[in-house]
Amino acid sequence: MPKGLDRSLIPGKISKPLPVPSHIIRPEYVGKPGPSPHVGGDRYDAETIARIRKASKIAAQALAVVLDSAKPGMTTNDLDIIGHEFLISQGAYPSTLGYRGFPKSLCSSLNEVICHGIPDETMLEDGDLVNIDISAYINGVHGDTNGTVVIGDASQEIFDLVDRTREATHRGIRAALPGREVNIVGRAIETYAKRFNYGVVRDFTGHGVGTSFHTGLIIPHYDEPLYTDLIEVGMVFTVEPMITLGTADWDMWEDGWTVTTKDKKYTAQFEHTILITEDGPEILTEA
Ligand code: MF3
Ligand code: CO
Ligand code: CO
């Protein structure tokens, strides 16, 4: 049996939320059922962009630290602790912690988990795919990023999925030129993914990010002309396609968060926060 094709995940024990030192400022939604409506649109002035740039860099560094430390035998909760400690060492708040009740400081999505996996006592094994999605809130703004790595060795099919999902993400980003409609992003991603017969998840999308974690602006990862918002200079949003080896249809665990592929085939994702400049998109979530 090739590695990575023989493991079926079950929910594990979730530990208590990690403490955040009192000097770190929380986003407004913490302790509430959900965020207040976003105000102010998706374009930012230079001063706010400078703050988003900093939050995005911290998120990217946190992601690098967590992905570099992911090894067989560690639990996803161990990764949560590493990401949490890094963010607070930088004076940032882990945006996911307490967002709509999410209990942890990052999302850890293994194998057939499409997104929003909750760090728990599940151990990483040789052949696993793990996606870490981590976001930083500092100086009133969020930066949001994620990435996928293979643990140990896996089949070529899985390495190809990861490489092509990264490539799809960059194709989507490069398509985000000012003056185009946001649907160009999904067209670029889906056109590429279809070459390999991959599934492209529709119900979880990119989003405006900045002074809110999710502003309400939707960036589709599939080809849907109905999303006609214009891409404008000064906008900040994420591109974060979820690509699967089989169906794009999904199930949700009883925890209300963990989203898996319906056929339990593996899935990968990459995410960047990008700024639209006159010259085109600039990736802000670069370590
Ligand atoms: N970071 C995720 C995104 O890319 C959102 C996670 S929300 C959570 O949009 F509640 F699951 F943490
Ligand atoms: Co996001
Ligand atoms: Co994210």
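Each part gets one Cα centre, and for region 25-75 versus region 95-139 those centres are 14 Å apart.
Across region 171-215, the mean sequence separation of Cα contacts (distance under 8 Å, 6 or more residues apart), normalised by length, yields a relative contact order of 24 percent. Backbone phi angles across region 240-248, fed through the Karplus curve with coefficients 6.51, -1.76 and 1.60 (θ = phi - 60°), yield HN-Hα couplings of 8, x, 10, 10, 10, 7, x, 6, 8 Hz in residue order; Gly and Pro are listed as x. Couplings 3J(HN,Hα) of region 119-126, computed from phi: x, 8, 7, 5, 8, 6, 10, 3 Hz, in residue order, whole Hz [Karplus 6.51 cos²θ - 1.76 cosθ + 1.60, θ = phi - 60°; x for Gly and Pro].
In the elastic network of the chain, a GNM with C-alpha springs shorter than 10 Å, the most mobile of Ser212, Ser135, Ser22 is Ser22.
So what's Rg/Rh here for region 98-170, counting alpha carbon atoms and using the Kirkwood radius for Rh? Present the calculation step by step, with values, prior to reporting the outcome.
Details: Rg = 13.8 Å, Rh = 13.6 Å.
Ratio value, two decimals: 1.02.
For Thr273, the residues whose amide H sits under 5 Å from its own are Asp144, Leu284, Thr285, ignoring neighbours fewer than 5 places away on the same chain, with H placed 1.01 Å from N. Between the amide H of Leu110 and those of Asn131, distances stay under 5 Å, these residues lying 5 or more places away or on another chain, with hydrogens modeled in the peptide plane.
For region 79-84, backbone phi angles converted through the Karplus equation (6.51, -1.76, 1.60; θ = phi - 60°) give residue-by-residue couplings of 5, 4, 5, 5, x, 4 Hz, Gly and Pro being listed as x.
Positive end of the dipole of region 129-236, charges at C-beta (+1 Lys, Arg; -1 Asp, Glu), about the Cα centre: which of Ile134, Tyr227, Val149 has its Cα farthest in that direction? Toward the positive end, the furthest listed residue is Tyr227. Shape annotation for region 216-281: C-alpha extents along the principal axes are 42, 24, 21 Å, from largest to smallest.
Which FRET efficiency value, to the nearest 0.05, do you get for Thr277 and Trp253 by plugging their Cβ-Cβ distance into 1/(1 + (r/R0)^6) with R0 = 51 Å?
Values: r = 40 Å, r/R0 = 0.78.
That gives a FRET efficiency of 0.80.
Dipole check for the chain: with +1 at the C-beta of Lys and Arg, -1 at the C-beta of Asp and Glu, and the Cα centre as origin, the magnitude is about 340 Debye.
Beyond a 29 Å Cα-Cα separation, which of these cross-linked pairs lie in this structure: Lys54/Lys104; Lys13/Lys57; Lys13/Lys262; Lys57/Lys262? Please list the in-between numbers first.
Values: Lys54/Lys104 22 Å; Lys13/Lys57 31 Å; Lys13/Lys262 23 Å; Lys57/Lys262 34 Å.
Cα-Cα > 29 Å for Lys13/Lys57; Lys57/Lys262; rest within.
Simple rule: put +1 on each Lys or Arg Cβ and -1 on each Asp or Glu Cβ in the chain, find the dipole, and look at Ala70, Trp250, Thr96; the Cα lying farthest toward the positive end is Thr96.
Dipole magnitude for region 84-163: computed about the Cα centre from +1 point charges on Lys and Arg Cβ and -1 point charges on Asp and Glu Cβ, it is near 640 debye.
Please compute the Kirkwood hydrodynamic radius of the chain from all pairs of different C-alpha atoms, in Å with one decimal. For the chain, inverting the mean 1/r across all distinct Cα pairs yields 18.7 Å. Amide H contacts of Glu181 (H built 1.01 Å from N, in plane; Pro and chain starts excluded): Ile231 sit under 5 Å, all sequence-distant by 5 or more or on other chains.
None of the figures in this text is laboratory data; all of them are computed from the coordinates on show. All of these numbers come straight from a predicted model, not from anything done at the bench. Reconstructed Cβ throughout: ideal geometry from the backbone, glycine too, with neighbour counts over all protein chains shown.
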